[in-house]
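Heads up, the thing below is written out as structure tokens.
The values are calculated or read from the model by the stated rules, or taken from the named source; none is laboratory data. Note that this is a predicted model, so its numbers are computed, not measured. For neighbour counting, all protein chains shown are included, and Cβ atoms are generated from backbone atoms with ideal geometry for every residue, glycine included. Just the protein is used for accessible areas: all its heavy atoms, side chains included, with ligands, DNA and RNA removed. Shrake-Rupley method; radii C 1.70, N 1.55, O 1.52, S 1.80 Å.
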Amino acid sequence: MDAVHCEAVFEHLHSPAVAARELARVLKPGARAFVCTPFLQAFHGYPSHFQNFTIYGHRKLFEDAGLEIVESGVCNGPAMA
């Protein structure tokens, strides 16, 4: 894949580390991924809601999968919490 956009998915995965490794596997060298995961969003259980990530936990998830973090930060303000 040349690029991946993944928004509000990883909190719904039972095994996010498996998905992060698969994301790393399918990306071409030099490709980019944008992955946004809510932190303080309330439980929204369809189909499941397993976890919320801190910014540090989010970074570690993808670093452990072998991906280089180019940029990370907050994408919504406190009104979205």
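At an R0 of 22 angstrom, the distance between the Cβ atoms of residue 36 and residue 69 translates into a FRET efficiency of 0.95. With R₀ fixed at 25 Å, the C-beta to C-beta distance from residue 24 to residue 49 puts the FRET efficiency at about 0.55.
Axis angle, to the nearest 10 degrees, between helix 55-64 and the longest C-alpha principal axis of the chain: 30 degrees.
Measuring with a 1.4 Å probe in the full set of protein chains, what accessible area per residue, in whole Å², belongs to the stretch 1-42?
Details: 2710 Å² over 42 residues.
Spelled out: the 1.4 Å probe surface of the stretch 1-42, per residue, equals 65 Å².
If you run the Gaussian network model on the chain, springs between alpha carbon atoms under 10 Å, then out of 34, 53, 62 the most flexible one is 34. With respect to the chain, whose longest principal axis is taken over its alpha-carbon atoms, helix 16-26 is tilted by about 30°.
On the protein heavy atoms, probe 1.4 angstrom, tell me the percent of accessible surface of the chain carried by carbon and sulfur. Carbon and sulfur together cover 58 percent of it. Here the chain is scanned for GluC sites (Glu not before Pro) in DSSP loops (not H, G, I, E, B) that have at most 14 other Cβ atoms within 10 Å, and the longest stretch holding none of them is 1-67.
Both radii come from the Cα set of the chain: Rg as radius of gyration, Rh as Kirkwood radius; their ratio Rg/Rh reads 0.96.
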